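Chemist: I have a structure I would like to understand better, so I am pasting it below and will then ask my questions one at a time.
The values are calculated or read from the model by the stated rules, or taken from the named source; none is laboratory data. Just so you know, these numbers come straight off a predicted model, no measurement behind them. Counting neighbours? That spans all protein chains shown, and the Cβs are built from the backbone with ideal geometry, glycine included.
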Amino acid sequence: MSVITEVSRWIIPFFLFFIPLYAYWRKVPVYETFVIGAENGFKTAVKIIPFLIGILVSIRVFVDSGALEIIINFCRPFFIRFGWDPDILGIIPLAIMRPLSGSGALGVATQLIDQYGPDSFMGRLASTLQGSTDTTFFVLAVYFGSVGITKHRYALKVGLLADAVGLAASIWIVSKVFG
Amino acid sequence: MVNLVWLLLLLVGIITAALSGKIDQVTVSALEAAELGIAVAIQLMGVMSLWMGIMYIAEKAGMVQALAKFSSPLIRRLFPSLKENSPAFGPIVMNLCANILGLGNAATPFGLKAMQELQKENPKKDTASQAMITFLALNTSCITIVPASIIAVRMKAGSISPTEIIGTTIFATSCAMTAAIFVDYLFRKRHGL
């Protein structure tokens, strides 16, 4: 694992060193080219602001209102009826939060890890789930927004189905490996 | 569908807050979130400018094209609607690599660049192309080898083995990614290639 950690440490300095050097050797005016590219990056960052704000506001209002807890309490009897271990129910806030908001999910995961302990079943499950999927809803809104796509077609369905599979796989593997 | 989800989140949040006597919270949350949006964008501006600048140098030197050309045939088979030498492959591969290494900050600029390239080949400018949806499916379910933030959280919580979840994470994320590719393939078939 330390090899991978080392790669992560070196990869960005490597790119910053190697790309301009190689380009200079290929007679690219590196500084001017950088500035033109950077301007495009700046413009893209500005362009996604409305989408960022739109998504963040609706998610934040939803989360802060306590609606999430009400939904979880509502779902609880169903899960118990399906014969699920009630212990696993603690993971639901994270499972719902994960596709919505990256920082929100990290907050929930941190709270679960502190509450149950990092080396408990729940702590390991929360860690695995947090590491295994991305913020589908957020990425969709910002990426599509940046190029002016308004009709997303089946993109959200694909993303959320993959998230559901990630949740099921997390529960299964953590029970199997650490159970 | 996004319109409906967005509206539901907002309305359910406000109604819940109203019923539980926390209506003031709605105002605070909405305004704070709007400010956060700007803060995130400002942070992104610097990172985006840096990486798009470096990326443009790489493009001018012919490196992105070379990466696109050598990108594994597997990745190219996932995007049957793109031309074989499409310039979108470069940033797509870079984005997936950055995701795999857990370099979230570097992944976003490559991802947005990939979207710009995909948009150039998109016949209907307001509608997501199949290649875009495949890319987003891969992006959001992408394998992460080093989930750095969660390892840090585990360390702080006093775990005896903060990195022990790497194996289970790779397994779970591989399942999610396989599912994403498969489901995307089914949808693509249904909507006609």
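Chemist: Those residues that are over 19 Å from B:Ala106 (Cα atoms), facing another protein chain (nearest Cβ under 7 Å) and surrounded by 14 or more Cβ atoms within 10 Å (Cβ to Cβ), I need them from the stretch A:15-32; list them, please.
Modeler: Of everything in the stretch A:15-32, those that are over 19 Å from B:Ala106 (Cα atoms), facing another protein chain (nearest Cβ under 7 Å) and surrounded by 14 or more Cβ atoms within 10 Å (Cβ to Cβ) turn out to be A:Tyr22, A:Ala23, A:Val28, A:Val30.
Chemist: How many residues are outside any loop (DSSP other than H, G, I, E, B) and facing another protein chain (nearest Cβ under 8 Å) when one looks only at the stretch B:152-167?
Modeler: The qualifying residues number 8.
Chemist: Any residue in the stretch A:135-154 that is surrounded by 21 or more Cβ atoms within 10 Å (Cβ to Cβ), farther than 16 Å from B:Ser174 by Cβ, at pLDDT 90 or above and more than 7 Å from every other protein chain (Cβ to nearest Cβ)?
Modeler: No, every residue in the stretch A:135-154 fails to be surrounded by 21 or more Cβ atoms within 10 Å (Cβ to Cβ), farther than 16 Å from B:Ser174 by Cβ, at pLDDT 90 or above and more than 7 Å from every other protein chain (Cβ to nearest Cβ).
Chemist: Can you tell me which condition B:Ile170 does not meet? The list is (1) facing chain A (nearest Cβ under 7 Å); (2) assigned to a helix (DSSP H, G or I); (3) closer than 21 Å to A:Ile171 by Cβ, and all the others hold.
Modeler: (1)
Chemist: Looking at (1) more than 7 Å from every other protein chain (Cβ to nearest Cβ); (2) part of a loop (DSSP other than H, G, I, E, B); (3) among the hydroxyl-bearing types (Ser, Thr, Tyr), which is the only condition B:Thr144 fails?
Modeler: Every listed condition holds for B:Thr144 apart from (1).
Chemist: Does A:Gly54 fit the bill of being modelled with pLDDT under 85 and surrounded by 16 or more Cβ atoms within 10 Å (Cβ to Cβ)?
Modeler: No; evaluated as a whole, the condition is false for this residue.
Chemist: Can you tell me how many residues in the stretch B:115-141 are within 20 Å of A:Val165 (Cα to Cα) and surrounded by 24 or more Cβ atoms within 10 Å (Cβ to Cβ)?
Modeler: 8
Chemist: Same structure again: Kindly establish whether A:Val158 is surrounded by fewer than 23 Cβ atoms within 10 Å (Cβ to Cβ), facing chain B (nearest Cβ under 7 Å) and part of a helix (DSSP H, G or I).
Modeler: So A:Val158 does not fit the description; no.
Chemist: Okay, next question. Only one of (1) part of a helix (DSSP H, G or I); (2) under 20 Å from B:Gly167 (Cβ atoms) is not met by A:Asp134, so which one is it?
Modeler: Status for A:Asp134: all satisfied but (1).
Chemist: Please state which one of B:Leu67, B:Leu101, B:Leu112, B:Leu78 is away from chain A (no Cβ under 12 Å) and surrounded by 15 or more Cβ atoms within 10 Å (Cβ to Cβ).
Modeler: From the options B:Leu67, B:Leu101, B:Leu112, B:Leu78, the qualifying one is B:Leu78.
Chemist: Confirm whether B:Val146 is in contact with a Ser or Thr (Cβ under 7 Å, 6 or more places away or on another chain), modelled with pLDDT under 85 and among the hydrophobic types (A, V, I, L, M, F, W, C).
Modeler: Spelling it out, B:Val146 is indeed in contact with a Ser or Thr (Cβ under 7 Å, 6 or more places away or on another chain), modelled with pLDDT under 85 and among the hydrophobic types (A, V, I, L, M, F, W, C).
Chemist: Against the definition (at the interface with chain A (Cβ under 8 Å from one of its Cβ atoms), in contact (Cβ under 8 Å) with a residue 24 or more places away in the chain, in a helix (DSSP H, G or I) and within 28 Å of A:Leu160 (Cα to Cα)), how does B:Met48 come out, yes or no?
Modeler: For B:Met48, the condition - at the interface with chain A (Cβ under 8 Å from one of its Cβ atoms), in contact (Cβ under 8 Å) with a residue 24 or more places away in the chain, in a helix (DSSP H, G or I) and within 28 Å of A:Leu160 (Cα to Cα) - is met.
Chemist: Would a scan of the stretch A:68-76 turn up a residue that is crowded, with 16+ Cβ neighbours inside 10 Å and facing chain B (nearest Cβ under 7 Å)?
Modeler: no
Chemist: Would you check which residues across the stretch B:142-162 are over 30 Å from B:Glu117 (Cβ atoms) and crowded, with 17+ Cβ neighbours inside 10 Å and list them?
Modeler: B:Ile150, B:Ile151, B:Val153, B:Arg154, B:Ala157, B:Ser159, B:Pro162
Chemist: Now for a different question. Evaluate the following for B:Pro109: is it part of a helix (DSSP H, G or I), over 22 Å from A:Leu160 (Cα atoms) and touching a Lys or Arg at 6+ places or on another chain (Cβ under 6 Å)?
Modeler: no
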